[in-house]
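The values are calculated or read from the model by the stated rules, or taken from the named source; none is laboratory data. Keep in mind that this is a model prediction, so the values were computed, not measured. Cβ coordinates were reconstructed from backbone atoms using ideal geometry, including for glycine residues, and neighbour counts include every protein chain displayed. In case anyone asks, the SASA skips ligands and DNA or RNA and just uses the protein heavy atoms, side chains included. Shrake-Rupley method; radii C 1.70, N 1.55, O 1.52, S 1.80 Å.
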Amino acid sequence: GARLALARTDGAVEVYNFAANYFQEKVIPGHEARSVESLCWAAGDRLFGAGLGGDITEYDLSRLSAARGVDGGGGPIWSMAANSTGTQLAIGCEDGSVKIFQVVPGGIQFERNLDRRKGRVLCLSWHPSDTHIAAGSIDFFRVIDVTSGQTVQRIMVNHHVEKAKCECVVWAIALLSRGTVVSADSFGRVQFWDWEQGTLAESHTVSTSAALSLAVSEKEDSIVVGTSTGATYQLQLLPVKLGGLEKRWVRTKPFQYHSHDVRAVAHSPTALISGGLDAQLVIRPLMEKIQKKGYDAALRKFTFPHRRLVSCARKARLLLFQFSQHLELWRLGSTEETGKDGEVLPLCRMPEHLVQLKSKGPEHIYCSCVSPCGTWVSYSTASRFQLYRVHCDGDGISLRKV
Amino acid sequence: MVSPGALRVVRCGGSALRGARAVFSADCKYLLCASGDFVKVYSVSTEETLRLMGGHADLVTGIQLNPHNHMQLYSSSLDGTIKLWDFMDGIPIKTFTVGCELLALYTPAGAEDSVFVVIPKKGERDTFQLVSVKLTKGAGQDLEAKELSVVLDGVGASMKHIAFGREGAYVVSVKDVNLQVYFFKRKLLNRFSLSTVKTKGGDNHFSCVVCHPTEDCIATGHADGKIRLWRNFHHKKEYTYSTLHWHHDIVMDLAFSMEGTRLLSGGVESVLVQWHNESSCQKDFLPRLGSPIEYISMSSDGALCCTLHTDNRITIINSNLRFSRSIQGLIKSRDVKTGLVVDPRTKALVLNGEPGHLQFYSLQSDQQLFSLDIVQRQYIHQAGLQQSDLVKVAFSAQGTWLATVEESEEVTDPELQLKLWFYHEETQSFQLNTRINTPHDNHITDMCFRDMDELGGDSLILVTTGRDCVFKVWVMVEDTDPEAQQSVSWSCDFVGSYHNYQATNCCFSEDGSLLAVSFEETVTVWDSLTWDLKCTFCHPPGNIRNICFGRLTCSKYLIGATDYGFLCCWNLLTCALEWSAHLNVVVLQPDPLSEHIAAVSWLSKESSLFVFKPNEPRPIYIQRNLCKEKILLAAFIPRDQPEMISSEKYLWLRKSQLFFLTDTQELMTLSTKSLEERLTPSSKQLAVEESLPVTPFSVLLGKHRRQQAQEDIDLGKPVVRKKQEQASPAVRELLHTPAHVLPSASFLCTIFINSLLISKENKSAEEVADEVEMESEKAEDDSDEEDVTEMEQEDTSHMELLGETTCKLSKSQEKELRKIRKTDYSWISAF
């Protein structure tokens, strides 16, 4: 079934299964040295990630670990995109180069370099027929012919703006099959260009702040844009006259579900999906695309983790909190009064922070547990498992590694 | 001249302009507005009311240009008729009787011979339907239009709730939270509804709807200030809308520009917002339009738009969102607290205007002369906010001093200010002289000046009465402060009271020697020199509502009206009640130029007018059932010259004219003339030429002509110019005559050249030319007179002429040519 992969800023990658009610199927814990700027599915179910570390990493979804890393060879990688058949990966690097990698069984293989221009490549998009790549940079974007490797069009985006002195960052780009390039830039504009003529077809200022991300539906009749104010906008390709052939992009619905930057958006056939700096994943179903009313038609916000991050020692009245690189052990406060449900009782003893346990190594903690009697604490990372014994004598607490 | 017919009540201003959106004529020179029972034609360039088209028996609810002839106008009214007008001439062409109340009118271009109206549904209250009315092509002027077919059911009653789409392909109606679209060709009806739940201050109720002129897009305004742009509405499910939000309160009206690239919206904020390209980020504002916007309409060429405001003001705005001009008659204020006061200087009517302003309204031109900001505070539109407002106004006899009282709306502890303004001759406006905070401890009930010419400047006294049971006398004193910019200021001189009763009214006798102050049930009379209480009058039960002194021969009488329904007349010499009458007087108004006093009573839902002289208890004139509305205020306005009135009965109208203000703030007057006479001759005739749209060719030609004239002036040839002007009729005639009735070119050539010749030769012999001119002018005068008579003949036989005289000149042309020839010969003979 359809799956959604998302990467968090700590390097963790999560996979959600649409068929199973958007259940968080897999979690690959993060790594100190790994940041993920871009994720893409290729060659069926293989998941690749690339980040500012300069490596392209394939994720082993059965063992829930990062499998192999291949150096991109162009400095930090800002963007990555797979072609429509999933056989090739294009990466955009800090040095302005766009490199093509072949997806081969068991890994990836460097194929060739495309035309290199100055300026980091912040976003990439393949044409659906795999003949061209659009690459967005600061102040301009360009369209590259894949077979020849040459830049066939270079378009400046900072024209006709009063604040032309400050740079205009093309944060997201999409190349549509009809020869239209859609760019989202830091002036809050979503612009539609005819790349062959190099002309601006339409410009929509969706926000006063930057437009950070965009995604196009499969039918290419709807676009979702995420902005740095936390609002997402839908743009739809609608007929100018009912039943007529002439169509135009129209900004339709605004959604404000996030409190901070919307860094990533995706467009499924029935929903708009967005995620941002407020650590929320929001799935907003499109009512008109859903046939029957039901569970699918509801708005979802993933604010709670699907996995257990807090474990409890019932007898010892201890709680163990799991963070990405450390654990915290707390003793619950207590009260002498009794009351009904929902009442707030006065505490006679405040909750107490007993111990903080830092994990070793660059890997992040995957899971953790405390025993019911409160004397054992354990955690594991992708490669190691640790068990500690907790000694509780009066006020002092000591931990001993087993 | 004067017909002996009955007095007619004539509306002369202040009618609500809010019946329907205004309409620009096709050439943008005229603006048509529904105003009460009339349709008004304004000139866009001069703001003048050019024409008042009356004929409807009830409120006009819709006006629309005839889509097939832009010189014609359809109007609908609550009286159940649709009228077709030629608004250039002000002639009703046809009247279609539909037979039920018409609440709105639409004439989409697509409909061939039918118009759409909103009518109430039979048998159900408060439900309305949109029907199409087939306008029958009959010969007569009054036609029946009974062929109705229902298009939409359950529509809103306001004209803003229905809009026709591009080329009349569909119609949209909004009501509450539901939107329905009906496609005429496909006979498809789509309904969309928004949620009724009011979340986060949102309110999805629709307030207005308009359609994009070239695309299939509907814009709707909502009660919470949102604007929604609907697209794809032929799909039941895949319709979509985007939202624009700036207004904080209800969107009163919307309008698309002709190309549809701009959307204008307005509401109670008095700000016109222009949205570009349906984008929420690109918008322009035109703020401080004075009062809430009720309707917005665009001209057909997109060069102008106009907004109708709730206070009956019309603002015309350029396409670049610049204020162009405003047409303002009587501004409707929330509450006329000041009463109707006459400015002695301009003879203008003075009353509350915009919040905190005093408006000076010229009755002759139905225009606001100016608006004086009294309160001088920013007015903020917000419900529940207590603002200061103007409550009392008084002018001194010569209009040099103006006293105003403003108070905040708080009932318990009013914040009072008395301001005195001096008329500055140089700036031609009133300047603030003295401001007195808290002149009384409670509301001020009345105020009057004493101003005697004979006694000089010292006689100027202002008296105010208050609910704090005192009346105060204010006098001018020399300003001792050397740093003060003015020489005089006002201060309190005397405080009088009577048994701790609230003072309600005050009035000076004509010679200024006596002051009458009413304290609840009692009228007290004071000597204005010594401030001694002279005598008291009382007519229990009931408090005194109005008092006034008689004038001229009746100056020994004091008239008072009580709220218990009595009108009393006291004799000041005998200190006794002269007569009294049982009458519930609402308004008591003495004529400043005669002995007459007008009293308006309100009894069993009709206002009646009584005019009497104080010396006889029998009224001179009675008119029962003056109008349906309650009359709140009245004023006598002195006429510029006494009118000739033959009838003995109406002699009291000779020197002054009586005006009334009703509770709907319509200004009415009494007129002895019939309707036709009231219309000024200038407004009867609009030059047809003027109404023709300016073509690029004519602009070019005009420029050329002007240039020529300019050159002539530069060369210093005034005579030549004169002659050219004289000759120009021949040329103009030549150019304006249709080609098929022109004689042969060889015949015309000599005339044309002759006309040119005269001017050249005349220059050499100026003296002779003068004589000739005299003669020719005479001849012209004669021929002009002849022309008029002949023209009339021509009009009647115009059709035949066209058929017969293919190579003959029309008579007027002949005349013209003959005239030229005449001058020609006279010149030769003189030479």
Legend entry - ³J(HN,Hα) computed for each position of region A:215-223 - Karplus, 6.51 cos²θ - 1.76 cosθ + 1.60, integer Hz, glycine/proline x: 9, 10, 6, 5, 7, 6, 10, 8, 10
Inset, instruction - Starting with the highest mean, order B:565-574, A:351-360, A:59-68 by the number of other Cβ atoms within 10 Å, averaged over the residues of each peptide. - result: B:565-574, A:59-68, A:351-360
Legend entry - Protein heavy-atom accessible area occluded, B/A pair - total, 1.4 Å probe, Å²: 1700
Inset, instruction - Grab the beta carbon distance between A:Leu245 and B:Thr346, set R0 = 51 Å, and tell me the FRET efficiency rounded to 0.05. - result: 0.20
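Please report the orientation-averaged projected area of region A:324-402, defined via the convex hull of its C-alpha atoms, in nm².
Average projection, Cα convex hull of region A:324-402: 6.9 nm².
Given Cα positions, please report Rg to Rh for region A:207-334, the hydrodynamic radius being the Kirkwood one.
Details: Rg = 20.4 Å, Rh = 17.3 Å.
Dividing the radius of gyration by the Kirkwood radius yields 1.18.
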Legend entry - Cα pair distances exceeding 19 angstrom across region A:313-369, given as percent: 46
Inset, instruction - Could you rank the peptides B:425-437, B:578-590 by their average count of other C-beta atoms within 10 Å per residue, with the highest value first? - result: B:578-590, B:425-437
Legend entry - Computed log₁₀ I(q)/I(0) - Debye formula, equal Cα scatterers, no solvent, region B:210-343, q 0.14, 0.18 Å⁻¹: -0.64, -0.96
Legend entry - Using distinct alpha-carbon pairs, which all enter the 1/r mean, Kirkwood radius of region A:20-137 in Å: 14.5
Inset, instruction - Within region B:70-140, list the trypsin sites (Lys or Arg not before Pro) lying in a DSSP loop whose Cβ has at most 16 other Cβ atoms in a 10 Å radius. - result: B:Lys121, B:Lys122, B:Arg125, B:Lys137
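Using 1/(1 + (r/R0)^6) with R0 = 41 angstrom and r between the beta carbons of B:Cys281 and B:Leu385, what's the FRET efficiency to the nearest 0.05?
0.85
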Inset, instruction - At 7 Å along the Cα-to-beta-carbon direction for both B:Asn190 and B:Val150, put a label point, then send me their distance in nm to one decimal. - result: 2.4
Legend entry - Where labels lie 7 Å past Cα in the beta-carbon direction, separation of A:Ala279 and A:Leu387 in nm: 3.1
Legend entry - List A:Met287, B:Met447, A:Met156, ordered by accessible area with a 1.4 Å probe, largest first: A:Met287, A:Met156, B:Met447
Legend entry - Fraction of the pair-distance distribution of region B:311-387 above 21 Å, Cα-Cα pairs, percent: 35
Legend entry - Relative packing of A:337-344, B:74-81, A:78-85, which averages over residues the other C-beta atoms within 10 Å, highest first: B:74-81, A:78-85, A:337-344
Inset, instruction - Could you check the simple spin-label distance between B:Tyr501 and A:Leu200, using points 7 Å along Cα→Cβ, in nm with one decimal? - result: 7.9
Legend entry - Test item: A:229-236 mean partner chain Cβ contacts at 10 Å: 1
Legend entry - Taking only Cα atoms of region A:81-195, radius of gyration then Dmax in Å: 14.1, 51
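A:His364: net charge of surrounding residues, Cβ under 9 Å, Lys/Arg +1, Asp/Glu -1, itself excluded?
Neighbour charge sum, excluding A:His364 itself: -3.
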Legend entry - Charge dipole (debye, nearest 20) of region B:160-329; +1 at Cβ of Lys and Arg, -1 at Cβ of Asp and Glu: 440
Inset, instruction - Output ³J(HN,Hα) for region A:339-355: one whole-Hz value per residue in order, computed from phi by the Karplus curve 6.51 cos²θ - 1.76 cosθ + 1.60 with θ = phi - 60°, and x for Gly and Pro. - result: x, 7, 5, x, 7, 9, 9, x, 8, 9, 9, 6, x, 10, 7, 8, 7
Legend entry - J(HN,Hα) series, region A:15-31, from Karplus relation 6.51 cos²θ - 1.76 cosθ + 1.60, nearest Hz, glycine and proline x: 10, 10, 9, 5, 5, 9, 6, 6, 6, 6, 7, 10, 10, 9, x, x, 9
Inset, instruction - Could you work out the mean count of beta carbons from other protein chains within 10 Å of each residue's beta carbon in A:237-247? - result: 5
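Once you charge only the Cβ atoms, +1 for Lys and Arg and -1 for Asp and Glu, what is the size of the charge dipole of region B:15-158 about its Cα centre, to the nearest 20 debye?
Around 100 debye, computed over region B:15-158.
Using R₀ = 51 Å, calculate the FRET efficiency as 1/(1 + (r/R₀)^6) where r is the Cβ-Cβ separation of B:Lys630 and A:Met287; round to 0.05.
After rounding, the FRET efficiency stands at 0.40.
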